[in-house]
Amino acid sequence: MTQDIKLLLVVAVALVDQDNRILLAQRPEGKQLAGLWEFPGGKLEPNERPEQALIRELKEELGIDVKEDCLAPLTFASFAYEEFHLLMPLYICRRWEGFVQSREGQALKWVKPLDLRQYPMPPADEPLIPPLIDLLNI
Ligand code: C5P
């Protein structure tokens, strides 16, 4: 017997500052997985490409402007939640315009790669940490 699988596409980014720290955002109260720390991003709207969705989310959530050619694909998460299967490309971005600010009341933290594990994350996000450490601990 086959089972319907709902595939959910969410895009996320590791914003990296000049000290090689990565931005984490805390999921606000009232959302699923509230209190957990995640890489910024979100769901695609209808007729949006992944990069467009990420650029929109970064403007809405953090008030920064990102150009599409500053988004480099790094890795992805593939995680079976009970209600859906999450597919989440993670981009890396070192260049943006404007100052990162919390536009939606979410807590933000710049975190060194080796400290990322100290922040409880949604289970889908945890496997994204090792590729980031590999890339940034040069
Ligand atoms: O952020 P949003 O609630 O729209 O994301 C939809 C779902 O995708 C979340 O409820 C969560 O299960 C999953 N998600 C995740 N890691 C993220 C973003 C979303 O596991 N960084």
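FYI, it's all coordinate maths here, none of it is from the lab. None of these values were measured; they are calculated from a predicted model. FYI the Cβ positions are ideal-geometry reconstructions off the backbone, even for glycines, and counts take in every protein chain you see.
Worth pointing out:
- Taking chymotrypsin sites (Phe, Trp or Tyr not before Pro) across the range 74-123, the ones in a DSSP loop with at most 15 further Cβ atoms lying within 10 angstrom of their Cβ are Y81, F84, F99.
- When the P(r) is computed for the range 6-136, the part past 20 Å accounts for 40% of the Cα-Cα pairs.
- Long-range HN-HN contacts of L8 with modeled amide H, under 5 Å: H85, L86, L87
- Candidates I129, H85, L33 compared by Cα position along the dipole of the chain: farthest toward the positive end lies I129, with charges placed on Cβ.
- Antiparallel bridges, percent of DSSP beta bridges restricted to the chain (to nearest 5): 75
- Within-11-Å neighbourhood charge of D69 [Cβ basis; K, R +1; D, E -1]: 0
- Total formal charge among the other residues, if their Cβ is under 13 angstrom from that of I129, Lys/Arg +1 and Asp/Glu -1: -3
- Cα-based helix-to-principal-axis angle, 50-62 vs the chain, degrees rounded to 10: 60
- Distance in nm between pseudo-label sites at K6 and L87 (7 Å out along the Cβ direction from Cα): 1.7
- Charge dipole of the chain (Cα centre as origin; +1 on each Lys and Arg Cβ, -1 on each Asp and Glu Cβ, all else neutral): 220 debye, rounded to the nearest 20.
- Low-density loop positions, GluC sites (Glu not before Pro), the range 1-91 - DSSP coil, at most 13 other Cβ in 10 Å: E29, E82, E83
- Using a Förster distance of 25 Å, the FRET efficiency for R56-Y119 (Cβ separation, nearest 0.05): 0.50
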